[in-house]
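Here is the structure we will look at, set down as structure tokens.
The values are calculated or read from the model by the stated rules, or taken from the named source; none is laboratory data. This structure is a prediction, so every number in the text was calculated from the model and none was measured. Heads up, the Cβs are rebuilt from the backbone with ideal geometry, glycines too, and the neighbour counts pull from every protein chain shown. Just the protein is used for accessible areas: all its heavy atoms, side chains included, with ligands, DNA and RNA removed. Shrake-Rupley method; radii C 1.70, N 1.55, O 1.52, S 1.80 Å.
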Amino acid sequence: WIFPKGHVERGESTRIAAKRETEEEMGLRGLRVIAYLGKIDLRFIDWYRPESRGARIHKPVHYFLLQAPAHMRGSPQRGEKVYAVQWVSLERAVEFCSYKNVRPLIRRAISLITSMKLRSVSLREISRRETRPAQPTRPLK
């Protein structure tokens, strides 16, 4: 399971890009940015894009806590290579994350959510697994 990612478009802040990419990839609308969670620097070799195949890539990824309207369920956007959207409880959020380096950011999000006393919260994630219905209002990312 991974978080939506994408590129910042010209004239766009990382905050707006995170909201846009999440809405695009998860089929959500009306997201609200709650807080900045932090940045992780990814380093990898690109094997997917023909123009940069084999190149070493440094990709800084900024994470934000977002909140979805209560009625939003999300739907995978196959055109964005997203095959499932799943909501998980706060209790399962950290264990559900596939990447250890993202877990501290999830813990920070949980701490913020708990301190803000938001009603119903969950971690937004994407996978190639089956789609599950969303729960009421929950911050994302």
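Summed over the residues of the range 1-99 and divided among them, the accessible surface reaches 59 Å² per residue at a probe radius of 1.4 Å. Taking amide H atoms as placed 1.01 Å from N in the peptide plane, the amide H of residue 64 lies under 5 Å from those of 37, each 5 or more residues away in sequence or on another chain. The relative contact order of the range 1-45 comes to 30 percent, based on Cα pairs under 8 Å that sit 6 or more residues apart. Here the range 1-59 was treated as a single set of alpha-carbon atoms; its pair distances binned every 10 Å from 0 give 19, 43, 31, 7 percent. Listed peptides 43-55, 15-27, 73-85 appear in the order 15-27, 73-85, 43-55 once ranked by packing, highest mean of other Cβ atoms within 10 Å at the front.
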